[in-house]
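> Please see the structure below; I have some questions.
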């Protein structure tokens, strides 16, 4: 379960970082960027605490 949460949280983090370069390059519009940023932020904040601050195995 922790491995799945890590994958989802890292994908969410990537959704907050990678689209910036597409906006700067002009291939992504502002509305799409904001949507990707929102989805990535929600993925990160709803999954990361469970594997980062959970009990040690």
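The values are calculated or read from the model by the stated rules, or taken from the named source; none is laboratory data. Model, not experiment: these values are computed from the prediction. Because the Cβ atoms are built from the backbone with ideal geometry, glycine has one as well, and the counts that use them run over all protein chains shown.
> Could you grab the pairs with beta carbons closer than 7 Å, sequence gap of 6+ or different chains, first residue in the range 6-33 and at negative phi and free of Cβ contacts under 8 Å to residues at least 12 places away in the same chain, second one assigned to a helix (DSSP H, G or I) and surrounded by fewer than 16 Cβ atoms within 10 Å (Cβ to Cβ)?
Note: pairs meeting the criteria are 23/33; 28/22.
> Of all residues being assigned to a helix (DSSP H, G or I) and in contact with a helix residue (DSSP H, G or I) (Cβ under 6 Å, 6 or more places away or on another chain) in the range 16-36, which is farthest from residue 2 (Cα to Cα)? Just the residue, please.
23
> Starting from residues that are surrounded by fewer than 12 Cβ atoms within 10 Å (Cβ to Cβ) and in a helix (DSSP H, G or I), keep the ones in the range 37-57 and report whichever is modelled with the highest pLDDT.
Here the residue is 45.
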